[in-house]
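Some notes on the structure that comes next.
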Amino acid sequence: MTEIVQEIKDISDVEWVSTRITERLAASGDTTGIPYYHFRWKKKWLADYVAWPRNAEQVAAIIKFAQKNQIAVVPRGGGTCYYGSASPTRGGVIVDTKPLDKIIEINKEKMWAHIQSGIVWEVLDRKLAKQGLALKVTPQSAPASTIAGWLAIGGKAGIGTPKYGTILDNILEMEVVRPDGTIETITGADMETFYGTSGIAGIVVSLKLSIREMPERTDGLMFSFDSIEHACHLTEELASTSIKPVYLRVTDPEYEWRSQGGLPQNSRKGCFVLVTYDGTADQVEKGIEYARNLFKKAGGTDVGKEHYQKSWDDRFIIEMKLKLEVPTLSMQNFWMKPKNVSHLARKMYEIADKYKINSCYYMVLGAGGMVRFCAFAPSDHRYWMHFMSGKAMLHKLVKMGFKYDAKLYTLGLQNTVYLKKYQKKEYNHFKTVRDQWDPNGLMNPDKLTGSNLSYSRLNLMFTMNGWIRRLMTLFRVARNILQVPRWVKERT
Amino acid sequence: MRRLFTKNFDFDPDKIVMCSNCSTCRWTCTSYEEWGSEAMFAGGRLRMLRAYVEKNLPIDEHFVEAIYSCSVCEQCVERCPIKVPYGEIVEDLRKRLVEIGKGPYGKLGAMGDRVFHEHNPYGGEAKERANWITPDLKISDDSNIGYFVGCTASYRRPEIGVATVRMLNHFGIEPQILGTDEYCCCSPLIRTGQIVMPIFKKQEDGSKKKVGTLDVKSIINHNIEEFKSRGVDQIIYSCSGCFRTTTLDWPKFYREKGGILPFSTQHLSQFLAVKLKKGEMKWKNGYNERVTYHDPCHLGRHVGVFEEPREVIKSIPGIDLVEMDRNRYESKCCGAGGGLKGGFGENATNIASRRIEQALEVGATTLISSCVFCKLNFLDAVKRDGHDIKIVNIEDLFSDLMELG
Ligand SMILES: Cc1cc2nc3c(=O)[nH]c(=O)nc-3n(C[C@H](O)[C@H](O)[C@H](O)COP(=O)(O)OP(=O)(O)OC[C@H]3O[C@@H](n4cnc5c(N)ncnc54)[C@H](O)[C@@H]3O)c2cc1C
Ligand code: SF4
Ligand code: SF4
């Protein structure tokens, strides 16, 4: 269905569009901020305009204006995605979807919420809670990210995903504005073009999201284990039973130690597994019992209720807590089978030891028994070699990961460079979507379908960096910036 | 730490890079809710600031506006996973802007001028500071308990000063008041970066002549010395802003004893809670209404006083205290603080109006606060938008129910 759209003739006349440098700067960055090294390769990293549309017609009007004037359109939700996903590379207009924050209807019989796409997860969750309702799935960035932002990155690992599936599994219908400005309502398989495609197929304006009644009980437990292999095996087991956890997180001891400011007494130093169930009191009890038995059989140690509760309460901020210790947090995240995680994790430790840099990981169970494995290289970008060596380690992990069938979880700008080389199938899919819906290449350019980086140059840079760092380590001039306890040094 | 940052706006980079840009502090931010732009919340401002210093961008009016459009309510600090001290950062930034002559924003500089000349930011004459005192109030010149009245009660809402002294008199306390020797607590100046600022006077020919230097430190030290010389060792506050500033900021400016103040500070809600606990307080009348309590940022989040005002309110016979959606640490700001009311008056009233709507949502017919400045802002919103709600402070309620008026 096409609707009549009021044409924008002169953008400076539009009161919901800004050309102020302050607003363009604030809207042009994401979790990576705009560090100076990004300025170089993001090219025109600063948007020319920021638009705050409030309905589909305004979104359509701004897209049509951009098409007519051949300027880039960068859809933006909470800006919490990594890898420059919602940042410009060719200036253009940032379409900030956060003013699209209305709840249109809540249907308690059919259990869906019809909402605008820019609403922040936490805000929606609080509003639903007032009516005794709850969300089925949310990303851990729920305090800041938007519904459509998670859809556009292909959200499949977070809270609720082991039990209720991906974000797409929970969307019944959506209203979108195509790159030519057409407004459409789509359902079923048509919606897939908007899943994980970073807005290249258009902007999602509103959607119907599946919801549920507030669970009677939510509870869980947390154990520590001697080795990462335990976690991989247990995650697989717990993902395949009939009582599915609502959340399962594995942290390595350094991650746990740094993020919680210490480890519980007597904990084992291999890894920590937190698992949470929700539903009726009976279901939760059964789930906990099942997990407890499994954990005990694997020789795990219960960290106690208090540490579990603290760690569960931290689920929304856990990903950022390493920042308590360092100014720069480089991270790479993979979508993979739990059984393969230990290979990657051990490789990470090995490289980090060789490079004398910090590294730790955490992973979360997603939909379909797969996990989102996040490898971190905490650093300080002002210590250039240390910082770049962290990046080099993550680069090596990406190259290794493909051997273990690990796909990159978030793509955005930075990871697009790997797509053509290692994820041909996904790359071809994105090309098809781009060619079909955005032949002018104006929707979120340089994301998914064509990188503004050369893989060979990147590879050469990181390989050389790795060699130099190795030499520095051999000659004992490489220094780590965070002190590590003895048990961390012995982990490999 | 090696500084890779440029000289145009030299600001400690360690503070900027602490922020992870996770935006957890966005939707609850007082200024983001009002302006809806990412340049108007802590994380967004830090991102913007980083670009300004790293790219050496010239400081323009929009930058100054963005930095000043914050009420320093510190909801962001509360939400932040890393506890980035944004309140301190923004005050530091404003100080820097004032130092380089780009701040304060708009007419906020007039506050500094007025404090320099008349010791209050409203511009009332210094000699009229104690005019609010009514003949029935018992004030002594030898009590060890003092009452810091503050500029808002002295010049704008005298009923608060009167109610507070009546309350103290009710408990047999005849406090010392500095009267015309009381100077501004400097909260508005510290929040807006006017710590040391040259003061100019316009000459007949249109040129400006420097007539002196505003120095917050000397004003604060004046107040401390005045109380000290009068033997006051405990000060009571009706204004949460003055209470916060004395408790948290004055020690940084006090030149003696490593900043340890020669007196203790107590907000009147704490004072009443103690009386209640000791069984020294019996209400004369009840209040048969559904009320809600608004936590002033300066009293709640900043100093951590949440329960005492609630204990006092709950003890009133017949009262039905309900909580708003966001309360205690999560409390929404009224929009008056941090220079927002002075610099962006209409926006501050919009913010107050939205807070009142939250009170109405929970069916409250009275909104109780315990800050002079919050009350002032709420009353402006009621006046402008016609909300059907009574706005009172704890001391007003006390004075009414105890028939002290
Ligand atoms: C603390 C923290 C925790 C996180 N936890 C998780 C997690 O548990 N699971 C997970 O998967 N990710 C996680 N992430 C990554 C990120 O938060 C999510 O991917 C998030 O869903 C992105 O949403 P956003 O609204 O911030 O989108 P943005 O970052 O603004 O945008 C993401 C992409 O979506 C596009 N986009 C935005 N809105 C629209 C729209 N309306 N229509 C079309 N395209 C659009 C943008 O162009 C961009 O390409 C986390 C990040 C942080 C900082
Ligand atoms: S102090 Fe308050 S108004 Fe200022 S940025 Fe933080 S939350 Fe927003
Ligand atoms: S919550 Fe803290 S770290 Fe996150 S954006 Fe705000 S100030 Fe930065």
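Figures for the structure shown
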read-out	value
Residue satisfying condition, being crowded, with 20+ Cβ neighbours inside 10 Å, polar (S, T, N, Q) and more than 16 Å from ligand 1 (Cβ to nearest atom), within set B:N120, B:N144, B:N131	B:N120
Tally, over the stretch A:66-76, of residues that are open to solvent by less than 10 Å² (accessible area, probe 1.4 Å) and either more than 24 Å from the chain's Cα centre (by Cα) or at pLDDT below 95 (or both)	1
Filter result for B:G342 (in a helix (DSSP H, G or I), touching a Gly at 6+ places or on another chain (Cβ under 9 Å) and either surrounded by 17 or more Cβ atoms within 10 Å (Cβ to Cβ) or modelled with pLDDT of 95 or more (or both))	yes
Members of the stretch A:228-266 that are among the polar types (S, T, N, Q) and open to solvent by less than 10 Å² (accessible area, probe 1.4 Å)	A:T235, A:T251, A:S259
Any chance A:V205 is without any contact (Cβ under 8 Å) to a residue 40 or more places away in the chain, in a strand (DSSP E or B) and open to solvent by less than 20 Å² (accessible area, probe 1.4 Å)	no
Which listed residue is in a strand (DSSP E or B) and within 16 Å of ligand 1 (Cβ to nearest atom), from A:L221, A:L274	A:L274
Filtered residues of the stretch A:376-434 (kept if out of contact with any Phe, Trp or Tyr (no Cβ under 9 Å at 6 or more places or on another chain), under 21 Å from A:M348 (Cβ atoms), in a helix (DSSP H, G or I) and of a type in the set (D, E, K, R))	A:K403
Residue check, A:G155 within 7 Å of ligand 1 (Cβ to nearest atom), out of contact with any Asp or Glu (no Cβ under 7 Å at 6 or more places or on another chain) and within 14 Å of another protein chain (Cβ to nearest Cβ)	no
The stretch A:461-483: number of residues that are charged (D, E, K, R) and either crowded, with 17+ Cβ neighbours inside 10 Å or not in a loop (DSSP other than H, G, I, E, B) (or both)	2
Flag for A:S198 being open to solvent by 10 Å² or more (accessible area, probe 1.4 Å) and hydroxyl-bearing (S, T, Y)	yes
Every residue from the stretch B:47-86 that is within 14 Å of ligand 2 (Cβ to nearest atom), over 19 Å from A:T31 (Cβ atoms) and of a type in the set (D, E, K, R)	B:E65, B:E74, B:E78
In the stretch B:61-87, residue farthest from ligand 3 (Cβ to nearest atom) [restricted to those that are of a type in the set (A, V, I, L, M) and outside any loop (DSSP other than H, G, I, E, B)]	B:V64
Check on B:E74, within 16 Å of ligand 1 (Cβ to nearest atom) and in contact with a helix residue (DSSP H, G or I) (Cβ under 8 Å, 6 or more places away or on another chain)	no
Where a residue in the stretch B:146-166 is among the polar types (S, T, N, Q) and its partner, wherever it lies, is assigned to a strand (DSSP E or B) and open to solvent by less than 10 Å² (accessible area, probe 1.4 Å), with Cβ under 7 Å and at least six apart	B:T164/B:Y147
Evaluation of A:L453 against (1) part of a helix (DSSP H, G or I); (2) farther than 30 Å from A:K64 by Cβ; (3) among the hydrophobic types (A, V, I, L, M, F, W, C) (one fails), failing number	(1)
Residue among B:K257, B:K209, B:K201, B:K275 that is at pLDDT 95 or above and out of contact with any Gly (no Cβ under 8 Å at 6 or more places or on another chain)	B:K275
Hits in the stretch A:267-283 (condition: among the acidic types (D, E) and either crowded, with 19+ Cβ neighbours inside 10 Å or within 20 Å of A:L234 (Cβ to Cβ) (or both))	A:D278
Top-ranked residue of the stretch A:305-348 - restricted to ones that are more than 19 Å from the chain's Cα centre (by Cα) and closer than 21 Å to A:D380 by Cβ, ranked as nearest to the other protein chains (Cβ to nearest Cβ)	A:P327
Answer residue from the stretch B:30-53, given it is part of a loop (DSSP other than H, G, I, E, B) and open to solvent by less than 10 Å² (accessible area, probe 1.4 Å) and is nearest to the other protein chains (Cβ to nearest Cβ) among those	B:S37
Residues of the stretch B:15-29 classified as in contact with a Leu (Cβ under 7 Å, 6 or more places away or on another chain) and more than 7 Å from chain A (Cβ to nearest Cβ), total	2
Selection from the stretch B:279-332 of residues that are open to solvent by less than 10 Å² (accessible area, probe 1.4 Å) and either at positive phi or assigned to a helix (DSSP H, G or I) (or both)	B:P309, B:R310, B:V312, B:I313
Flag for B:A352 being open to solvent by less than 10 Å² (accessible area, probe 1.4 Å) and either assigned to a helix (DSSP H, G or I) or within 16 Å of ligand 1 (Cβ to nearest atom) (or both)	yes
Tabulated pairs, the stretch B:107-118, first among the β-branched types (V, I, T), second assigned to a helix (DSSP H, G or I) and open to solvent by less than 60 Å² (accessible area, probe 1.4 Å), C-beta under 8 angstrom, 6+ apart or interchain	B:V115/B:P188; B:V115/B:L189; B:V115/B:I219
The stretch A:112-149, residues that are in a helix (DSSP H, G or I) and either within 16 Å of ligand 3 (Cβ to nearest atom) or within 14 Å of chain B (Cβ to nearest Cβ) (or both)	A:W121, A:E122, A:V123, A:L124, A:D125, A:R126, A:K127, A:L128, A:A129, A:I147, A:G149
B:G112 being within 18 Å of the chain's Cα centre (by Cα), in a helix (DSSP H, G or I) and over 16 Å from B:I67 (Cβ atoms)	yes
Condition met for B:R94 (within 16 Å of ligand 2 (Cβ to nearest atom), outside any loop (DSSP other than H, G, I, E, B) and of a type in the set (K, R))	yes
B:D60 being at negative phi, at pLDDT below 95 and more than 14 Å from chain A (Cβ to nearest Cβ)	no
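So that you can scan it fast, the table gives a plain yes or no per residue for (1) in contact with a strand residue (DSSP E or B) (Cβ under 6 Å, 6 or more places away or on another chain); (2) open to solvent by less than 50 Å² (accessible area, probe 1.4 Å); (3) at pLDDT below 90; (4) of a type in the set (A, V, I, L, M):
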residue: A:R24; (1), (2), (3), (4): yes, yes, no, no
residue: A:G33; (1), (2), (3), (4): no, yes, yes, no
residue: A:R40; (1), (2), (3), (4): no, no, yes, no
residue: A:K43; (1), (2), (3), (4): no, no, yes, no
residue: A:R54; (1), (2), (3), (4): no, no, no, no
residue: A:A61; (1), (2), (3), (4): no, yes, no, yes
residue: A:K64; (1), (2), (3), (4): no, no, no, no
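The values are calculated or read from the model by the stated rules, or taken from the named source; none is laboratory data. On a predicted model such as this, the values are computed, not experimentally measured, just so you know. Note that each Cβ is placed from the backbone with ideal geometry, even for glycine, and that neighbours are counted across all protein chains shown. Quick note on the areas: whole protein, heavy atoms, side chains included, nothing else; ligands and nucleic acids left out. Shrake-Rupley method; radii C 1.70, N 1.55, O 1.52, S 1.80 Å.
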